[in-house]
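This report refers to the structure that appears directly beneath it.
The values are calculated or read from the model by the stated rules, or taken from the named source; none is laboratory data. Not measured: the values here are computed from a predicted model. Cβ placement follows ideal geometry from the backbone for every residue including glycine, while neighbour counts extend to all protein chains displayed.
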Amino acid sequence: MFRRQAEEGRAEPRARSDRGVLFRLALAWLALLVVVAVLAPLWPTDPDRGHLLRRLEGPGWRHPFGFDGNGRDILARVLHGARVSLIVGTLAVAIGLGIGGALGLVAGYFRRRVDTLIVTVLDSMLAFPALVLAVAVTAIRGQSVTTVTAVIGVLMVPLFARIARAGTLAAVERDYVIAARTLGGRSSRIVRQEILPNVVGPLIVFALLAFGIVILIEGALSFIGVGVSVDTVSWGGIIAGGQGRLREAPHVSLFPAAVLSLTILAVNYVGDTLRGGGSVSVRIGAR
Amino acid sequence: MAFWRRRILSLVGVLALVSLGSYLLLDLLPGGPEVAILGPTADPERLAQVRSDLRLDDPFLTRYGRWVNDAVHGDLGRSYDKNRPVVDMVRERVPVTLELVLLAQILALTIAIPVAAMGAARPGSLFDRIAGGASFVFLSIPGFVIGIVLVLLLAVKLDVFPASEYTRLGDDISRNLHSMVLPAFTLAIGQAAIYTRVLRADLLDTMEQDFIAAARGRGLPRRRVVFRHALRPSSLTLVTLVGLNFGTLLGGSVVIERLFSLPGMGKLMLDAIPARDFTVVQGVTLFVAVAFVIVNLLVDVLYSALDPRIRRVPPPG
């Protein structure tokens, strides 16, 4: 699964004119989300304040998403939940990109033993059912944004490493790299100045898709109660809160579920379009 | 032979790392493994007692070796919460998860093969485009969201299937299947989307080949050629993917078991967490990881049996 996605990460970007209305809509949704997450504390409704008389009240004019089982405003909670998704998403991708990218560059540049070692370790990581590992680690190390971010970030490392390695393997064959090596250039300089520019593009595009995967895993972890701590508002947590009340109050789960799904859909669509479209965007065991 | 040596070496490496990872889960626990075994509220004397009983002051490698040795002999430790061997608890739960995963795979393939073949028979047709769009959407929507929507529609509104009511396979097969439909379908949809996309792409590649042109030249309709001639040679990637996805599904089943209250391994693991019964968490993790590694090996064996060329070319990577 991973392998497939990692290898497809190399495709050339599509011409700008091909990108249609959906692409712009997806971008607009993501931009809106970022703004909302940054400005959430300024929202007049308190996400933690329960109105006991309005428990499970359906959507209304002043409260478009209605209230949850504790009488808390769901829209306010969804807005605050966006912060967790975006923070975990950004930082976990940064961890994966940083460590995985570096490992991939090193493996692809030095090849031989270094390569074999790195590839074996990364393959072992891929051989672990991601969600099971994430559940085990957050359960034992304690639930917090830090733990969740770190675990998911580590899960992203082999994916980024594969893409960086593939790009590097192709780049070291180029004439100017061979020339630089023959002239006795320092490895660190060659990797930074000659190879990195070739690898950055696919890595960035993949970072977007990885962002979708991370948000999905975070959502799933919070949904089953082993994500960020219970006191932190997260989309998965809000959805789980409404699960037992689907009969009387489906809105409690459905609004945050729709926001989460639209976000992942938008991320995947933008990523897929940038990557050339038509490819399978895959995720790890987060179904 | 080089293929098999390479394969087995990497298997040993992966198993070593996987078991080390599972062992470290508890060993690195704040307070040490004795806290995991007795729980955080145990009194210091008992903690010290367990510490000496389990020889936890031995060097790390000695302890790890002993733990691996026990695990190989079917001993994954005891649950302090239930005071039972972890292995027994896992064994009870395996059939549920296994059934869920198998049903999901069957459902996913049942959906994906015809949809991909019909799409590939007429690429660009309305059906093909709708299937393509739908598969993209279902790839992006999290499984538990799909599950909630299905529960809302089929369990709450229409009351066709139960939302959380599990009957054991041994007790009543038809009731068991009835209670497994929604969970298996929830788990299957995302996989079906992936399989459809992969198989359709491979079918379109195969349709470019000479033997297909020959069949078409004999005047056979395109749809018939797709089903009768192209499907089998196009199924290699799909076979690999189905195998690899057992791991994905084992992970996914944790979420689905929680959503539908199915007493599988995932639920065992999640239920152990509030009780801080970490030997159980560790046992399930190790079991699932090893099962996944073995399934992957079997897929490789099957794959090279289907296509002997694989054995000659060392796999890239």
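Per-residue answers, yes or no, for (1) within 11 Å of chain A (Cβ to nearest Cβ); (2) modelled with pLDDT of 90 or more:
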{"residue": "B:135", "(1), (2)": "yes, yes"}
{"residue": "B:138", "(1), (2)": "yes, yes"}
{"residue": "B:148", "(1), (2)": "yes, yes"}
{"residue": "B:156", "(1), (2)": "yes, no"}
{"residue": "B:162", "(1), (2)": "no, no"}
{"residue": "B:169", "(1), (2)": "no, no"}
{"residue": "B:172", "(1), (2)": "no, no"}
Selected residue [free of Cβ contacts under 8 Å to residues at least 24 places away in the same chain and farther than 14 Å from residue B:279 by Cα] from B:56, B:20, B:11, B:102: B:102
Any chance residue A:95 is closer than 18 Å to residue A:214 by Cβ and either surrounded by fewer than 17 Cβ atoms within 10 Å (Cβ to Cβ) or among the hydrophobic types (A, V, I, L, M, F, W, C) (or both): yes
Would you mind finding the one in A:103, A:56, A:97, A:79 that is modelled with pLDDT under 90 and hydrophobic (A, V, I, L, M, F, W, C)? A:56
State all residues of the stretch B:229-280 that are surrounded by fewer than 23 Cβ atoms within 10 Å (Cβ to Cβ), closer than 14 Å to residue A:226 by Cα and among the aliphatic types (A, V, I, L, M); if no residue qualifies, say none. B:270, B:273, B:275
Within the stretch B:64-73, is even one residue modelled with pLDDT of 85 or more, at negative phi and assigned to a loop (DSSP other than H, G, I, E, B)? yes
If only one of A:237, A:219 is part of a helix (DSSP H, G or I), under 19 Å from residue A:87 (Cβ atoms) and within 11 Å of another protein chain (Cβ to nearest Cβ), which one is it? A:219
When you scan the stretch A:241-258, do you find a residue that is of a type in the set (A, V, I, L, M, F, W, C) and exposed (fewer than 15 other Cβ atoms within 10 Å of the Cβ), even just one? no
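Quick one: count up the residues across the stretch B:193-244 that are among the hydrophobic types (A, V, I, L, M, F, W, C) and farther than 29 Å from residue B:137 by Cβ.
The qualifying residues number 7.
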Going through the stretch A:87-143 in order, the residues found to be of a type in the set (Lys, Arg) and on the phi < 0 side of the Ramachandran plot are A:113, A:141
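Against the condition over 20 Å from the mean Cα position of the chain (by Cα) and of a type in the set (Ser, Thr, Tyr), how does residue A:90 come out, does it pass?
It is false that residue A:90 is over 20 Å from the mean Cα position of the chain (by Cα) and of a type in the set (Ser, Thr, Tyr).
Would you mind finding the one in B:175, B:228 that is among the charged types (D, E, K, R) and either touching a helix residue (DSSP H, G or I) at 6+ places or on another chain (Cβ under 9 Å) or closer than 25 Å to residue B:296 by Cβ (or both)?
B:228
Rundown of residues vs (1) in contact with a Gly (Cβ under 9 Å, 6 or more places away or on another chain); (2) in a helix (DSSP H, G or I), yes/no style:
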residue: B:115; (1), (2): no, yes
residue: B:119; (1), (2): yes, yes
residue: B:131; (1), (2): yes, yes
residue: B:152; (1), (2): no, yes
residue: B:171; (1), (2): no, no
Within the stretch B:50-63, which residues are assigned to a helix (DSSP H, G or I) and at pLDDT 80 or above? B:60, B:61, B:62, B:63
Counting only residues in the stretch B:64-96 that are crowded, with 20+ Cβ neighbours inside 10 Å and of a type in the set (A, V, I, L, M, F, W, C), the one nearest to residue B:276 (Cα to Cα) is identified as B:86
Okay, helices (runs of 4 or more DSSP H) sitting entirely in the stretch B:221-317 with 1 or more residues that are at pLDDT 80 or above, within 11 Å of chain A (Cβ to nearest Cβ) and within 30 Å of residue A:169 (Cα to Cα), I get B:236-260, B:278-306
Please go through (1) in a helix (DSSP H, G or I); (2) in contact with a helix residue (DSSP H, G or I) (Cβ under 8 Å, 6 or more places away or on another chain); (3) among the aliphatic types (A, V, I, L, M); (4) surrounded by fewer than 24 Cβ atoms within 10 Å (Cβ to Cβ) for residue A:179 and return the number of the only condition it doesn't satisfy. (2)
Look through A:128, A:160 and report the one residue that is aromatic (Phe, Trp, Tyr), part of a helix (DSSP H, G or I) and buried (at least 21 other Cβ atoms within 10 Å of the Cβ). A:160
Of the residues in the stretch A:100-125, those that are more than 14 Å from every other protein chain (Cβ to nearest Cβ) and either outside any helix (DSSP H, G or I) or of a type in the set (A, V, I, L, M, F, W, C) (or both) number 5
